[in-house]
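Beneath this line is the structure, given in structure tokens, with notes to follow.
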Amino acid sequence: MSTSSTNSAASPAVSGLDYDDTALTLALPGSSADPAADRKRAHADHDKPPSPKYAPFTFSLKHESSARHAQLLMVITLRTVPTDLDAAPCATTCRARAVGWPPVRAYRRNALREEGGAGCKLVKVAVDGAPYLRKVDLAAHDGYAALLRALHAMFASCLAVRGAGADGVGRLVDSATGAEYVPTYEDKDGDWMLVGDVPFKMFVDSCKRIRLMKSSEAVNLSPRSSSQ
Amino acid sequence: MTYFPEEVVEHIFSFLPSHSDRNTVSLVCKVWYEIERLSRRSVFVGNCYAVRPEQVVRRFPNVRALTVKGKPHFADFNLVPPDWGGYAGPWIEAAARSCVGLEELRMKRMVVSDESLELLARSFPRFKALVLISCEGFSTEGLADIASHCNVNLNLNCFGACLVDSRTLPQLRHLRELDLQENDVEDRGPRWLSSFPDSCTSLVSLNFACIKGEVDSASLERLVAKSPNLRSLRLNRAVSVDTLSKILLRTPNLEDLGTGNLTEEFQTESYLRLTNALEKCKMLRSLSGFWDASPACVPFIYPLCHQLTGLNLSYTPTLEYSDLTKMISRCVKLQRLWVLDCISDKGLQVVASSCKDLQELRVFPSDFYVAGYSAVTEEGLVAISSGCRKLTSLLYFCHQMTNEALLTIAKNCPNFIRFRLCILEPRKPDATTNQPLDEGFGAIVRECKGLRRLSISGLLTDKVFMYIGKYAKQLEMLSIAFAGDSDEGMMHIMNGCKNLRKLEIRDSPFGDGALLGNVAKYETMRSLWMSSCNVTLKGCEILASKMPMLNVEIMNELDGSCEMEENSVDPSRVEKLYVYRTTAGARDDAPNFVKIL
């Protein structure tokens with residue numbers, strides 16, 4: 001099982017490597033060598049209440065290649081994040097969001113937060129390999145096409161849409177590497193599904209969060225087999 | 001002129017429009033000082049700790065209108081810890097002793113207690129107007145006291161977080177204006193409205209937009225019916241469309257309206273009645289509210305649009321760009337527009353082509369939880385600048401900006417007085433060239449010679465400060481966040497901006513060198529705020545010792561809630577610094593986390 005050119009950001013020597021060797025994982029430092037377990041644990045950790053309350057959040061990406069095997073080593077250091085400020089600014093060095101930024105009065109924040117409550121479904125969107133989180137309001141879009149357009153707009157700085165069909169739905173592609181991203185989501189049961197398999201309304205109801213996964217990883221996902 | 005009788009001199013002084021002019025004439029000679037101080041009717045105190053209340057009332061015993069401001073501006077964004085100070089009590093007490101003719105009191109970002117309000121109510125027989133903006137610390141008990149004792153022409157404006165018990169509001173007699181803005185109101189039921197006495201027919205302005213609960217519509221209608229002078233009415237979200245329609249039939253002279261609920265299940269008949277009622281309000285110029293407005297409701301407002309000069313849609317995230325533009329394109333006389341960034345760049349282009357008289361634009365972010373994402377970019381602002389050449393005041397939250405855009409904007413609109421640009425992502429460079437935005441902001445300060453207030457953002461080096469120091473000669477207030485490289489940046493400002501009054505800086509690499517580079521400057525300014533910069537305790541101590549006329553306040557968080565830094569903070573580093581000139585000496589009401597050097 002080789003994944004030849006998935007990670008074209010790496011040197012050509014990467015091709016031919018075992019998929020697991022090049023897998024991109026989110027994990028706490030010093031975690032186990034089992035990528036699957038790491039992936040699961042990382043996802044579980046994601047939403048744990050942080051402690052201490054305002055520990056700094058850094059997210060760094062290291063890419064080391066050894067001379068012989070051009071082994072791709074992705075180390076992502078994940079520390080805790082303030083609970084009510086879970087979206088980090090999109091910056092090359094990622095820091096936790098600053099207090100009082102953006103400079104908007106508390107009254108306005110509260111007023112809009114209330115209004116957003118009804119008929120609004122905000123879910124987190126993570127992009128593999130990107131050091132930031134976004135949120136999207138699923139209820140604000142009337143279909144998959146609109147949602148994908150919104151996702152594209154959100155990550156326009158690093159993603160492009162290729163091959164947009166008649167309905168405007170294309171593939172999300174990393175502008176730099178050409179690696180394709182597949183939108184996946186975690187449903188109510190905790191399973192990761194491909195976005196687009198179920199009717200949109202059903203998707204909105206059951207989606208807990210979205211992850212733009214590199215398509216190489218998404219091969220492990222199966223479409224939703226049966227509804228529960 | 002010294003041979004003129006005092007009454008003549010006094011009369012001449014009455015033509016002086018500004019506080020600073022009156023301050024200047026009082027310096028000419030002792031005689032003028034005396035005449036001026038005894039005839040002064042209006043006093044403005046920009047920093048409540050700059051002078052003792054007793055001094056003010058002793059000097060101006062005949063003052064009728066007093067304005068006092070408390071906390072620094074960054075308190076709006078939770079950067080000033082609670083219980084920092086800014087108490088209204090000493091001011092009200094001093095005035096109660098020495099200025100019984102007081103008619104109007106305006107306070108901003110101050111802590112006002114119920115006891116103070118009760119004292120206020122008892123002490124000034126001619127009291128007319130109470131304006132509270134972004135204040136806190138009181139409840140409806142205090143307001144009830146005001147109401148029950150003040151019986152003539154009361155103008156009550158409250159903005160900001162205060163606890164207002166709606167149950168006790170009722171006893172407001174002969175009220176002229178009750179204006180509650182941006183308060184946290186504790187709702188104890190809808191009956192407060194019905195407690196307006198029948199004799200109260202003097203109401204001119206009523207704003208209860210921030211009261212969260214239900215109101216009794218029958219009472220509201222009755223109140224409005226007996227208020228022929230009503231000019232301004234702002235309702236809360238609980239007021240139904242039908243109630244609004246009924247009210248509007250009684251208010252032909254209404255100039256300013258804040259709508260109630262526009263989301264109810266759509267019944268055409270109700271909305272047709274609304275349109276009919278609105279059409280009767282020929283004087284209506286300003287519209288706000290639109291809480292959760294459903295897009296289907298908006299067309300019923302259309303008949304009004306052509307006469308509007310002010311429109312606030314900034315609390316309506318439910319309206320998308322197409323709804324907004326259909327409405328705004330009809331508002332050809334618009335001078336003031338507040339919107340959310342849902343309007344998008346395309347929508348701003350519509351604004352630019354429709355609203356040629358626009359003077360003030362505010363575009364607020366609709367989503368605070370998604371860092372750096374907004375539907376508006378530099379394109380929207382460029383469009384606005386080319387269509388709305390009369391623009392003087394801007395607050396613009398956006399996703400990105402470019403130098404080229406700012407250059408264009410500066411050329412198109414050289415009349416900016418207030419220019420506040422907030423790029424949501426800190427330190428974001430020019431979106432096309434990846435360069436700092438120094439040149440863009442440089443163009444703004446160079447072209448806009450009347451600029452008085454500026455807020456900058458994005459990636460900025462010391463160069464932008466060189467430009468600001470060199471060109472922004474009228475600048476009075478400057479807000480800096482995540483900008484600059486070194487002390488030199490701040491030095492450019494301190495040395496160049498001759499009219500600078502307020503400087504507020506956060507998360508920028510300015511240290512003791514900058515703090516101490518021009519210490520005499522602080523006596524010409526109202527205040528300096530620096531947080532998350534590089535100043536140290538030593539630097540602040542030196543400043544305090546060199547400048548005895550300044551209060552140098554240092555704030556250390558005790559609960560560690562400001563510890564956003566990765567490493568443990570250097571204990572000599574000062575997290576928050578607030579420096580202000582004062583004749584009052586160190587204040588005695590500082591909490592334990594404030595150290596005054």
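Taking amide hydrogens as modeled 1.01 Å from N in the peptide plane, which residues meet the under 5 Å criterion relative to B:Val552, leaving out close sequence neighbours? For B:Val552, the qualifying residues are B:Leu597. Taking amide H as placed 1.01 Å from N in the peptide plane, the amide H of B:Ser288 sits under 5 Å from that of B:Leu257, B:Gly258, B:Thr259, B:Asn312, each at least 5 places away or on another chain. Applying the criteria of a DSSP loop state and at most 12 other Cβ atoms within 10 Å to the trypsin sites (Lys or Arg not before Pro) of the stretch B:471-522 yields B:Lys498.
If you add up the charges near B:Leu334, with Lys and Arg at +1 and Asp and Glu at -1, over every other residue whose beta carbon is less than 12 angstrom from its beta carbon, what do you get? Kindly include the intermediate steps, with their values, before the conclusion.
Values: positive: B:Arg285, B:Arg330, B:Lys333, B:Arg336, B:Lys356, B:Lys390; negative: B:Asp357, B:Glu360.
Value of the local net charge: +4.
Once the Cα-Cα distance is subtracted from the 0.36 nm per residue extended length, the B:Arg389 to B:Asp216 segment shows a gain of 57.7 nm. With a cut-off of 13 Å between beta carbons, the residues surrounding B:Arg40 carry a summed charge of +2, where Lys and Arg count +1 and Asp and Glu -1.
Could you give the length gained on full extension between B:Thr268 and B:Lys411, defined as 0.36 nm per residue of separation minus the Cα-Cα distance, in nm?
Values: separation 143, 0.36 × 143 = 51.48 nm, distance 4.73 nm.
Additional length available on full extension: 46.8 nm.
Taking 0.36 nm per residue of separation and subtracting the Cα-Cα distance, full extension of the segment from B:Ser545 to B:Gln307 would add 79.8 nm.
Can you tell me the relative contact order of chain B? Whole percent, Cα pairs under 8 Å, sequence separation 6 or more. Once normalised by length, the contact order is 6 percent.
Quick check on my link table: of B:Lys326/B:Lys356; B:Lys470/B:Lys498; B:Lys71/B:Lys428; B:Lys411/B:Lys449; A:Lys214/B:Lys428, which ones sit more than 18 Å apart, alpha carbon to alpha carbon? Could the numbers behind the result be given before it?
Details: B:Lys326/B:Lys356 16 Å; B:Lys470/B:Lys498 10 Å; B:Lys71/B:Lys428 30 Å; B:Lys411/B:Lys449 12 Å; A:Lys214/B:Lys428 27 Å.
Correct reply: B:Lys71/B:Lys428; A:Lys214/B:Lys428.
List A:Cys207, B:Cys448 from most exposed to least, where exposure is judged by having the fewest other Cβ atoms within 10 Å.
Details: A:Cys207 20, B:Cys448 24.
Arranged by neighbour count, lowest to highest, A:Cys207, B:Cys448 become A:Cys207, B:Cys448.
The B:Asn78 and B:Glu6 beta-carbon pair, evaluated with R₀ = 45 Å, returns a calculated FRET efficiency of approximately 0.35.
Amide H of B:Val45: which non-local residues (sequence gap of 5 or more, or other chain) have their own amide H closer than 5 Å, using H built in the peptide plane? Amide H to amide H, under 5 Å and 5 or more residues apart or across chains, B:Val45 pairs with B:Thr67, B:Val68, B:Lys69.
Normalised by 2.2 N^0.38 Å, where N is the number of residues, the C-alpha radius of gyration of chain B stands at 1.01. A simple spin-label model places the labels of B:Gln55 and A:Ala146 6.1 nm from each other, with each point 7 Å out along Cα-to-Cβ. Counting Lys and Arg as +1 and Asp and Glu as -1 over every other residue whose Cβ lies under 14 Å from the Cβ of B:Cys29, the net charge comes to -1. Sites listed here are chymotrypsin sites (Phe, Trp or Tyr not before Pro) in the stretch B:2-80 whose DSSP assignment is loop and whose Cβ has at most 13 other Cβ atoms within 10 Å: B:Tyr3, B:Phe15.
Read-outs: derived from the displayed coordinates by stated rules, not from any lab. Here the structure is a predicted model, which is why all the values come from computation and not from measurement. FYI the Cβ positions are ideal-geometry reconstructions off the backbone, even for glycines, and counts take in every protein chain you see.
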